[in-house]
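K.L.:
Mind looking over this structure? Questions follow.
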Amino acid sequence: MIAFLINRLFQAAIVMFVISLLSFSIQDNLGDPLRELVGQSVSEADRMELREELGLNDSFLTQYFRFAGKAIQGDLGTSYFFKEPALEVILKKLPATLELVFGATVLIIVISIPVGVYSAINPSSLFSKIAMGISIIGISVPVFLTAIIFIYIFSVELGWLPSFGRGVTEHVFGTWETGFFNLDGLLHLLLPCISLASIMLPLFIRLIRAEMMEVLQSEYIKFAWAKGLSPRRIWFMHALKNTMLPVITVGGVQIGTMVAYTILTETVFQWPGMGFLFLEAVNRVDTPLIVAYLIVVGAIFVITNTIVDLIYGLVNPTVKLVGEK
Amino acid sequence: MRDDIITTTKIPSLWRRFKDSYLWHSLKKDKVAFASFSVFILFVSVAILAPVLAPFDPYDPSSIDIMDSELPPVWQEDSEAKFLLGTDAQGRDLLSTILYGMRTSLLIGICAVLLQCFLGVVVGLSAGYFGGRIDSFLMRIADIQLSFSTLMVAIVVLAVFQASFGAELYSKLALFMLILVIGFAEWPQYARTVRASVLAEKHKEYVDAARIMGFNNSRIMLGHILPNTLSPLLVISTVQIANAIISEASLSFLGLGMPVSQPSLGSLISSGFEYIFSGSWWITAIPGLVLVVLVMVMNLLGDWLRDVLNPKLYKD
């Protein structure tokens, strides 16, 4: 177990190293920090002097190690636009994005497990057929289009739900702003969360259904039937446990994917989160902010994947814990 | 490549073989699959013939009149008969832009998947055939790349390129950039599938026979093993094209894909989005519907192929 843990942490560290190297080479090649600092009106000689002073003439590796050293201490540079530390700007927007992902995840878990399990147990029932039909449509509608359709129906035509922003938010735990504790915030969360969930939901329903059907065919389930256990016990105690194993792996990867899809939902709903901020930063060529976003999102991916790997290693007894698959 | 096959009877023509095949037979029997196939063929031919079929040329600025902007489709009031599906905010005929847009979307989707397939087959074949260190190294890279979402990678790469090239130069290169980025981002899917099939095939007797006959590795890999991995490849390809088209649309929607002057379905939806608040729903809805139908028939075809060919797809 320890070897497995160390192997995975080592791999995570390598991936983070590659991400930071890529981020740095982006910073190195994108935009001119000097122009952002002093504008156009400084003479060429002064520029050269400043470049030397800031260490911009040093070799790539020297500059990278300086960047990495600061990055480890949480200093990713100052945003050109906000004139604040880039990491702070990003982290201020993190709660909005995480709440979106959290809301969508809750929706996915609450809907996909019952629907998937039901349609695996009764594959030929009308409900299962409708669920499968809707899920193939759901897979085929891009998330931004779902969001647009929702806005058109519920905001433009019916006028029931707000179409942009987070609404009223409250402070909890110091700096964390949340929309979960008041009606207005929840109403603002509703459409973005459903849109975000809509892309993953069909995938999970189909996955849970397929896995569950496979498990229900296996020997140990037949044995459980022969033993005369109650159907509920077989379905929910014996079958569901083994169904969820592959779902955990896919789920972990999909949480990362959902961060990517937040860029789309945040753009449609003008949700003040990290993804929206990132696109603004790209349009303003705000390099430190772009780099900070890459590192934060890269870290989210690496952390979720490592945790999922570890959980999977713990839950699944057949995984060889030495680290080689 | 196939001269080693000794034939006593004459091989029937490709078309004849296709018509007698199990695949075609089951396609005719399955109504949903047949309908999806027909729609797909229709869409592809309409996209190829877009310059002939489209009543207007949306790339030609002189044919556009801003006074015609935001006209609704013909079945609505205040419409004009010459614009069958209405016009967009710039006064372009929506039907023509959709035809050209579908052409662009399909072109990007298919080319990107060809690139994915090429990279994935090369990596998957060598990983599965040579095994050992090469295999674990290549598959570890594939694992890591798969753990990052394709869309995320594509957004970041395109955003950085757009910021460094500037919007004007970027819009000229957008088509190639989209194909390259979507192509590179999804190769592990193919690599894993091919590797799994190669592992299943490489210990079979015909491979041993080929080796004893003294064929070199590349001939055995390409001429003997590869043809036996084609059916899983076909199954994932339909779904991959559907996904590539969705990715392209999403990227164009974010303004990182095709420019408005050379629209794909995604950038059409994107340019119509701000007008739904003023009630001009058709600029978004009609290209959106076309996109959804296109992607859905590909997904349905993929499901059907999976059932018919029933390959052992790679599963974690």
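The values are calculated or read from the model by the stated rules, or taken from the named source; none is laboratory data. On a predicted model such as this, the values are computed, not experimentally measured, just so you know. Because the Cβ atoms are built from the backbone with ideal geometry, glycine has one as well, and the counts that use them run over all protein chains shown. Keep in mind that these areas ignore ligands, DNA and RNA; they rest on the heavy atoms of the full protein, side chains included. Shrake-Rupley method; radii C 1.70, N 1.55, O 1.52, S 1.80 Å.
K.L.:
If you take each beta carbon of peptide A:134-147 and count the beta carbons of other chains within 10 angstrom, what is the mean?
P.N.:
6
K.L.:
Modelled label-to-label distance, B:Ile41 and B:Phe18, 7 Å Cα→beta-carbon offset: nm?
P.N.:
If labels sit at B:Ile41 and B:Phe18, their model points lie 0.9 nm apart.
K.L.:
If I take every Cα pair under 8 Å that is 6 or more residues apart in the stretch B:126-199, average their sequence separation and divide by the length, what percent do I get for the relative contact order?
P.N.:
Relative CO of the stretch B:126-199 lands at 49 percent.
K.L.:
Estimate for me the total accessible surface buried between chains A and B (protein heavy atoms, probe 1.4 Å, no ligands or nucleic acids), in Å² to the nearest 100.
P.N.:
Approximately 3600 Å², summed over both chains.
K.L.:
Stretch A:Val110-A:Trp160 to full length: gain in nm at 0.36 nm per residue minus the Cα-Cα span?
P.N.:
The A:Val110-A:Trp160 span can extend by a further 15.6 nm.
K.L.:
Taking the simple approach of a point 7 Å from Cα along Cα-to-Cβ for both B:Phe165 and A:Lys83, what is their distance in nm?
P.N.:
Label-label distance for B:Phe165 and A:Lys83, simple model: 3.4 nm.
K.L.:
Write down the Kirkwood hydrodynamic radius of the stretch B:235-302, to one decimal in angstroms, obtained as one divided by the mean of 1/r over all alpha carbon pairs.
P.N.:
Here the Kirkwood hydrodynamic radius works out to 12.3 Å.
K.L.:
If you take the Cα Rg of the stretch B:97-156 and divide it by 2.2 N^0.38 Å, with N the number of residues, what do you get?
P.N.:
That works out to 1.50 for the stretch B:97-156.
K.L.:
While we're here: Whole Å is fine, so just give me how far the alpha carbon centre of the stretch B:236-263 lies from that of the stretch A:206-258.
P.N.:
Comparing the Cα centres of the stretch B:236-263 and the stretch A:206-258, I get a distance of 35 Å.
K.L.:
Report the paramagnetic label zone for B:Glu274: residues of the stretch A:249-283 whose backbone N is under 15 Å from a point 7 Å from Cα along the Cα-to-Cβ axis.
P.N.:
From the stretch A:249-283, the list is A:268-270.
K.L.:
Express the relative contact order of the stretch B:176-241 as a whole percentage, based on alpha carbon pairs under 8 Å and six or more residues apart in sequence.
P.N.:
Computed value for the stretch B:176-241: 42 percent relative contact order.
K.L.:
Full-extension gain between A:Ile6 and A:Asp46, please, as 0.36 nm times their residue separation minus the C-alpha to C-alpha distance.
P.N.:
9.4 nm
K.L.:
DSSP loop trypsin sites (Lys or Arg not before Pro) in the stretch A:213-307 with at most 16 other Cβ atoms within 10 Å of their Cβ, which ones?
P.N.:
For trypsin sites (Lys or Arg not before Pro) across the stretch A:213-307 that sit outside H, G, I, E and B with at most 16 neighbouring Cβ atoms in 10 Å, the list reads A:Arg284.
K.L.:
Expressed in nm to one decimal, what extension gain is obtained for the pair A:Ile303 and A:Glu214 from 0.36 nm per residue of sequence separation less their Cα-Cα distance?
P.N.:
29.0 nm
K.L.:
Right, something else. Which trypsin sites (Lys or Arg not before Pro) does the stretch A:72-149 hold that lie in a coil by DSSP with at most 13 other beta carbons within 10 Å?
P.N.:
A:Lys83
K.L.:
Can you figure out the FRET efficiency of A:Gln73 with B:His25, using R₀ = 60 Å and their beta-carbon distance, to the nearest 0.05?
P.N.:
0.35
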